[in-house]
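The values are calculated or read from the model by the stated rules, or taken from the named source; none is laboratory data. Predicted, not measured: the structure shown is a model, and the values here were computed from it. As a convention, Cβ positions derive from the backbone with ideal geometry for all residues, glycine included, and neighbour counts pool all protein chains shown. Remember, those area values only see protein heavy atoms, side chains included, never the ligands or the DNA or RNA. Shrake-Rupley method; radii C 1.70, N 1.55, O 1.52, S 1.80 Å.
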Amino acid sequence: MGDGTTTTPGGRPTIVDVASAAGVSRQTVSNVLNRPDRVAPDTLERVQREIDRLGFTPHVSAQQLRRKRAWAYGFEVNPSGHRRMGHILDEFLVELTVSAPSHTSHLVAFAPDPDDVVAGYRQTLASGLVDGFVLADTRQSDPRPPWLIEHEVPFVSFGRVWDLPELTRWVDVDGHAGVRTAVHHLVDAGYRQVGFLGWPAGSPVGDDRRRGWSDALAELGLDAAAPAAASVQDIDEATDSAEQLLGRLGPDAAIVCASDLLALGALRAVRNHGLRPGADVGVVGFDDTDVAAAMSLTSVHQPVADAARIAWDMLVDPDRHPGPVLLEPTLTIRASSLRGD
């Protein structure tokens, strides 16, 4: 290299190369990878800069030669960065844990680094505790799948890797089909107009669910320009958006929502207008949470236990289970979408 840094004959940078480039010992580089809390901040930054510049990563094959296979896979417990994961990811983590023994494996949970999305993956891999990872909460421009592919790390994703349509290492639930089923149910129940309350445009999951709504309206010969509104995952904002949506809907109308939390806002808006959920305005959510059951909310149910089992199949036996797998959701019908007498 022009800066005097050398690499192994095969061209792959080694820990010695990183140490030389950063002007530190090999042990310091090892500490940066495995115990960054032991390294001074300026040294940590300098070494990490050289790691990134050289494209260095611990050689997974070499690590596996030095130890037996761990039969363990890492899972980031806070992928959204809000110190909570949300009902579906919570449920998925539980189901992964339950299903692990039947796949002769176990799960290693780790926390994220708020300043470096892949840092937790890099450090957990370097520790030798895991053979690969289970990803969740995939989104546009997600740096994790490309990094794992580049470093030849086994992984599977709960959720499509939207930026890499050629990638097959995922299991997902068909949100488009779930919302489509919800719209058909509402029309069959006697509601003449169906609006949509979703997330702001740009969320691949949210946009897919919205397409399920618009495609169902087209199939049923209903107005393709039926009203829609958007809200972030906040019940107060969802209530405000649902109230605006109600003002644009006619009588005998219903609202299908991209999540149960948005649907709770819709239920609140319906009651704020002096109307009755179900009898006057139909409401359907997505995720079939415990809160949905408590509020008698009709909701799209995701087969999370099946998703967890399939994720393990892909990890431990990728030749027999190459993926991808798109699972069909079902609709749990409750009072919020039943018109009654």
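Given a Förster distance of 30 angstrom, what is the FRET efficiency for residue 290 paired with residue 104, based on the Cβ-Cβ distance and rounded to 0.05? Walk me through the numbers before you get to the answer.
Values: r = 31 Å, r/R0 = 1.05.
E(calc), rounded to 0.05, equals 0.45.
Accessible surface computed residue by residue for the chain, with neighbouring protein chains in place and a 1.4 Å probe, gives 47 Å² per residue. What the Cβ-Cβ distance of residue 339 and residue 126 gives, at R0 = 56 Å and to the nearest 0.05, is a FRET efficiency of 0.45.
A crude spin-label estimate for the pair residue 327 and residue 26, with each label 7 Å from Cα along the Cβ direction, gives 4.6 nm.
Dipole magnitude of the chain about its Cα centre, charges +1 at Lys/Arg Cβ and -1 at Asp/Glu Cβ only, in debye to the nearest 20?
Details: 31 positive and 46 negative charges, 161 e Å.
With Lys and Arg at +1 and Asp and Glu at -1, about 780 debye.
Which stretch or stretches of segment 176-190 have amide N atoms under 20 Å from the point lying 7 Å from residue 252's Cα along the Cα→Cβ direction? Taking a point 7 Å out along Cα→Cβ of residue 252, the residues of segment 176-190 whose backbone N falls under 20 Å are 182-190. Ranking of 213, 71 by solvent-accessible surface, largest first: 71, 213 (1.4 Å probe, protein heavy atoms only, all chains present). Spatial offset of segment 252-299 relative to segment 325-339 amounts to 12 Å, using the alpha carbon center of each.
In a simple Cβ point-charge model (Lys, Arg +1; Asp, Glu -1; nothing else charged), segment 141-183 has a dipole of about 200 debye relative to its Cα centre.
Kindly identify segment 183-305 as rounded, prolate or oblate by the Cα gyration tensor criterion: order the square roots of the eigenvalues as a ≥ b ≥ c, call it rounded if a/c is under 1.5, otherwise compare a/b with b/c, prolate if a/b is larger, else oblate.
Rounded is the answer for segment 183-305, as its axis ratio a/c remains below 1.5.
When the Cα positions of 140, 314, 55 are compared along the charge dipole of the chain, 55 comes out farthest toward the positive end, with charges on each C-beta of Lys, Arg, Asp and Glu.
When both bridge partners sit in the chain, DSSP labels roughly 10% of those beta bridges antiparallel.
Using only DSSP helix segments of four residues or longer, with each worth -39500 (n - 2.57), what per-residue ellipticity at 222 nm results for the chain after dividing by its residue count and rounding to 500? Write down the numbers at each step before the final one.
On the way: 13 runs with 141 residues, N = 341.
Rounded to the nearest 500, it is -12500 deg cm²/dmol.
Computed in the context of the full set of protein chains, the accessible area of segment 217-257 at 1.4 Å probe radius has 47% of its extent on carbon or sulfur.
Here the simple spin-label model places points 7 Å from the Cα toward Cβ, and for residue 37 and residue 52 these points are separated by 2.4 nm.
Among [x] 28, 25, 18; [y] 47, 29, 17; [z] 47, 20, 17, which one is semi-axes √(5λ) of the Cα gyration tensor in Å computed from these coordinates? From the options [x] 28, 25, 18; [y] 47, 29, 17; [z] 47, 20, 17, the structure gives [z].
Quick one: ranking 256, 187 by accessible area, 1.4 Å probe, largest first, what do you get?
The ordering from most to least exposed comes out as 187, 256.
Does segment 82-136 classify as rounded, prolate or oblate by the C-alpha gyration tensor (a ≥ b ≥ c root eigenvalues; a/c under 1.5 gives rounded; else a/b over b/c gives prolate, otherwise oblate)?
Here segment 82-136 falls in the oblate category.
Basic side chains Lys and Arg get +1 at the Cβ, acidic Asp and Glu get -1 at the Cβ, and with that the dipole of segment 157-204 about its Cα centre reaches some 140 debye.
Were the residues from residue 116 through residue 72 laid out at 0.36 nm apart, the gain over their Cα-Cα distance would be 13.5 nm. What the Cβ-Cβ distance of residue 152 and residue 301 gives, at R0 = 45 Å and to the nearest 0.05, is a FRET efficiency of 0.80.
For segment 165-207, just say rounded, prolate or oblate: build the C-alpha gyration tensor, square-root its eigenvalues into a ≥ b ≥ c, call rounded for a/c under 1.5, and beyond that prolate if a/b exceeds b/c, oblate if not. Judged from the Cα gyration tensor, segment 165-207 comes out oblate (a/c at least 1.5, b/c at or above a/b). Segment 93-164 and segment 216-247 have Cα centres spaced 34 Å apart. Out of 105, 75, 337, whose Cα points farthest toward the positive end of the dipole of the chain (charges: +1 Lys, Arg; -1 Asp, Glu; placed on Cβ)? Of the options given, the answer is 105.
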